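Each remark here refers to the structure printed beneath this line.
The values are calculated or read from the model by the stated rules, or taken from the named source; none is laboratory data. Here the structure is a predicted model, which is why all the values come from computation and not from measurement. With ideal geometry, Cβ positions are generated from the backbone for all residues, glycine too; neighbour counts draw on all protein chains shown. The area values use the complete protein model at the heavy-atom level, side chains included, leaving out ligands, DNA and RNA. Shrake-Rupley method; radii C 1.70, N 1.55, O 1.52, S 1.80 Å.
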Amino acid sequence: MTSTDVKAEIEQLRHQLNQHNYYYYVLDDPRIPDSEYDRLMGQLQQLEAQNPQLITSSSPTQRVGAEPLKAFTQITHAVPMLSLDNAFSVEEMADFERRIQDRLKTSDSITMAIEPKLDGLAISLRYENGELVTAATRGDGTTGEDVTQNVRTIDCIPLTLLRDDYPEVLEVRGEIFMPKKGFNKLNQRALTAAEKTFANPRNAAAGSLRQLDPRITATRPLSFFSYGTGETSVPVGESHSQIMAALKNWGLPVSPELTVRTGQQSLKATYDAIASQREDLPYDIDGVVFKVDDLKQQQKLGFVSRAPRWAIAWKFPAQEELTTVEAIEFQVGRTGSITPVARLKPVFVGGVTISNATLHNMGEVRRKDVRAGDTVFIRRAGDVIPEVVRVLSERRVENALPVKLPESCPVCGSDIIRPEGEAVARCSGGLFCAAQRKEAIKHFASRKAMDIDGLGDKIIEQLVDQGLIHSPADLYQLGADQLSSLERMGDKSAKNLVDALEQSKETTLNRFIYALGIREVGEATARNLAIEFKTLEAIREASDEQLQSTPDVGPVVASYIKSFFEQSHNNEVVNSLVAAGIRWPAIEIDDSESPVSGKTFVLTGSLSRPRSEYKELLLEAGAKVAGSVSKNTDYLVAGEKAGSKLARAESLGVEVLDENTLLEFLAE
Ligand code: IVH
């Protein structure tokens, strides 16, 4: 190759790599497999190694490589980096729009651009002639720290802009954040290495960006979304949404949730929609930002002190608050698991008042070193059980003692055992323990199990405490007179409960198996067992090996099932239940007709309908659905971006179907 050819080849490779980065990170639509990307990168690295004079700092190969710094230098922002005013209610949002209408002397609704408020840290990226030249933190808004070397290691931030129509100077403002998955992995790694963990993704992102050694930053899973511009040599749009579209075109990631709406109702609906997605988004957000879309209107509105009049952050209720631990107690679960629980001074967090938080297990208590009397951060996110995030150690009271696992069960006094290698300690009392009995019966009666209407937790607790029932089977011997003697139970509701018990006898085999509360046998596994074995007798008599041929049943679950049916008291309960009249329709599956019945499916990747919907359809058609691919899998249904499951299916020779073929199968 002549030197001009080499140069052209190198440029061609760089262009291709940048383009594929854009498809992957900005459009979220990869066009080539990772292996192909790696191959192109390898090719470029090789050519550059042979022709070092052709290496430029903006080459995709040059993301890491800078030497550690002694200290960060300061950068003065060409345009100050502002902050946002907050709103916490519909009323405050309405006030915000009213103030704008007054200033603009209009009664028309104002068109707003809406995007999630990302919970990370603000950054200003400066591109000159299409190349990333500096990246600076917000600092005090006027000057920030030069973190260019670190920002260059973030894969989704382009080192060079795409297309040639960018302005000579383009400052992009946005948020650097750490996606939840990456954060969890990072903390998991820190835990195994006995290193300090980060309290939340935002701290992790900030800590990762403030590394003097860019090689450390390069190992951290950081990401970025643009939300505005600073200095630009020419205007890049007439509205916020146009600017965002232009940035996206130049290869900068923009929040996919960005929308433009007009009118309070519509704004509120968008806020609600984003709030409801919050838990499912791959990154933390702490509110929704509303910006007047039209730049002319923005200019007329201007700023007050540090915040624009044309934007507001409607924040979600705080998910973390401080409170004190009044005591640490131990709860006994259905399978005897002993869970330490922090009793808290009640505190309002995540929209509700919290007075208990789980501490999961003793390992967690030790790691967080939570003690009675401590001041702690409590977190409640969505439907998740409230948690103690960390202790504020500087506020520890004197003489606070470390928590000790009790030697005997606080409920029944049996020994507490902690099997080798398990995080969870357990009460050895089994169904002798009133706590385990109560939980087992609550589970038995629950909606997805026997679905006994009107048999609430409080009633079960009374029944067990008064010695009226010892096992689920005793429920079916209860008469209306016994029930009506309970607290807050009239004759009418006692009679209704007896009727509900009678009705619950008509059930399905999978509900019944699930209701037994065998360790690790959830709804899906119960269903798979019912389909695989068809009768209770067959499950009871199944060998370890036969059990393991059921989807999602491995050696551990198989051993739990076997040992459940090996215990005579369990068998007695099962026999009494059947004797009491619990029954289910026989399961018959005609394998000859449907191409899916009896077959084991695994679903992966993104499909056009929720996976749960397909699962439902498959189960109805008599198929089994497993969560992971094994040699027992018949078909893998792979949607877009199928990852490791697809690879595993291919290596095991499992047939892979696309969504359309699945639909054809189901139609048959
Ligand atoms: S706009 C002139 N948009 O929130 C307005 N900020 O409380 C400047 N933030 O420092 C900010 N998501 O770090 C804007 N979609 C978004 C945002 C956002 C997160 C952060 C940003 C800023 C802070 C202000």
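Quick notes on this structure:
- Residue check, Ser58 open to solvent by less than 20 Å² (accessible area, probe 1.4 Å), at pLDDT below 95, away from the ligand (no atom under 14 Å from the Cβ) and hydroxyl-bearing (Ser, Thr, Tyr): yes
- Every residue from region 218-253 that is under 25 Å from Leu281 (Cα atoms), open to solvent by 40 Å² or more (accessible area, probe 1.4 Å), touching a Lys or Arg at 6+ places or on another chain (Cβ under 9 Å) and within 16 Å of the ligand (Cβ to nearest atom): Tyr227, Thr229
- Residue-level check: of (1) at pLDDT below 90; (2) open to solvent by less than 80 Å² (accessible area, probe 1.4 Å), Ile354 misses just (1).
- Residues of region 80-89 classified as surrounded by 14 or more Cβ atoms within 10 Å (Cβ to Cβ) and over 18 Å from Arg306 (Cβ atoms), total: 1
- Here Gly517, Gly479, Gly454, Gly430 are screened, and the one residue that is of a type outside the set (D, E, K, R) and farther than 19 Å from Ala580 by Cβ is Gly430.
- Count of residues meeting criterion [within 16 Å of the ligand (Cβ to nearest atom) and out of contact with any His (no Cβ under 7 Å at 6 or more places or on another chain)] in region 94-130: 14
- Qualifying residue in region 517-524 (condition: free of Cβ contacts under 8 Å to residues at least 12 places away in the same chain and out of contact with any helix residue (DSSP H, G or I) (no Cβ under 8 Å at 6 or more places or on another chain)): no
- Among the candidates Lys641, Lys624, residue that is at pLDDT below 90, among the basic types (Lys, Arg) and open to solvent by less than 50 Å² (accessible area, probe 1.4 Å): Lys624
- Of the residues Arg39, Arg31, Arg14, the single one that is among the charged types (D, E, K, R) and surrounded by 14 or more Cβ atoms within 10 Å (Cβ to Cβ) is Arg14.
- Counting the residues of region 100-134 that are within 30 Å of Glu279 (Cα to Cα), open to solvent by less than 40 Å² (accessible area, probe 1.4 Å) and not polar (S, T, N, Q) gives 13.
- Within region 308-317, tally of residues that are within 11 Å of the ligand (Cβ to nearest atom) and within 23 Å of Asp284 (Cα to Cα): 4
- Check on Val172, modelled with pLDDT of 95 or more, open to solvent by less than 40 Å² (accessible area, probe 1.4 Å) and within 16 Å of the ligand (Cβ to nearest atom): yes
- Considering residues of region 201-217 that are surrounded by fewer than 20 Cβ atoms within 10 Å (Cβ to Cβ) and closer than 16 Å to Lys185 by Cβ only, the residue farthest from the chain's Cα centre (by Cα): Ile216
- Within region 331-351, the residues that satisfy the criterion of being open to solvent by 40 Å² or more (accessible area, probe 1.4 Å), over 14 Å from Arg371 (Cβ atoms) and touching a strand residue (DSSP E or B) at 6+ places or on another chain (Cβ under 8 Å) are Gln331, Thr335, Lys345, Pro346, Phe348.
- The one condition from (1) in a strand (DSSP E or B); (2) farther than 29 Å from Lys185 by Cα; (3) open to solvent by 50 Å² or more (accessible area, probe 1.4 Å) that Lys300 does not meet is (1).
- In region 144-169, residue farthest from Leu258 (Cα to Cα) [restricted to those that are modelled with pLDDT under 95 and over 35 Å from the mean Cα position of the chain (by Cα)]: Asp164
- Checking Thr353 against (1) among the hydroxyl-bearing types (Ser, Thr, Tyr); (2) within 28 Å of Val90 (Cα to Cα); (3) not in a strand (DSSP E or B), the condition it does not meet: (3)
- The number of residues in region 423-480 that are free of Cβ contacts under 8 Å to residues at least 24 places away in the same chain and hydrophobic (A, V, I, L, M, F, W, C) comes to 6.
- Looking across region 255-274, the residues that are open to solvent by less than 20 Å² (accessible area, probe 1.4 Å) and within 27 Å of the chain's Cα centre (by Cα) come down to Ser255, Leu267, Thr270, Ile274.
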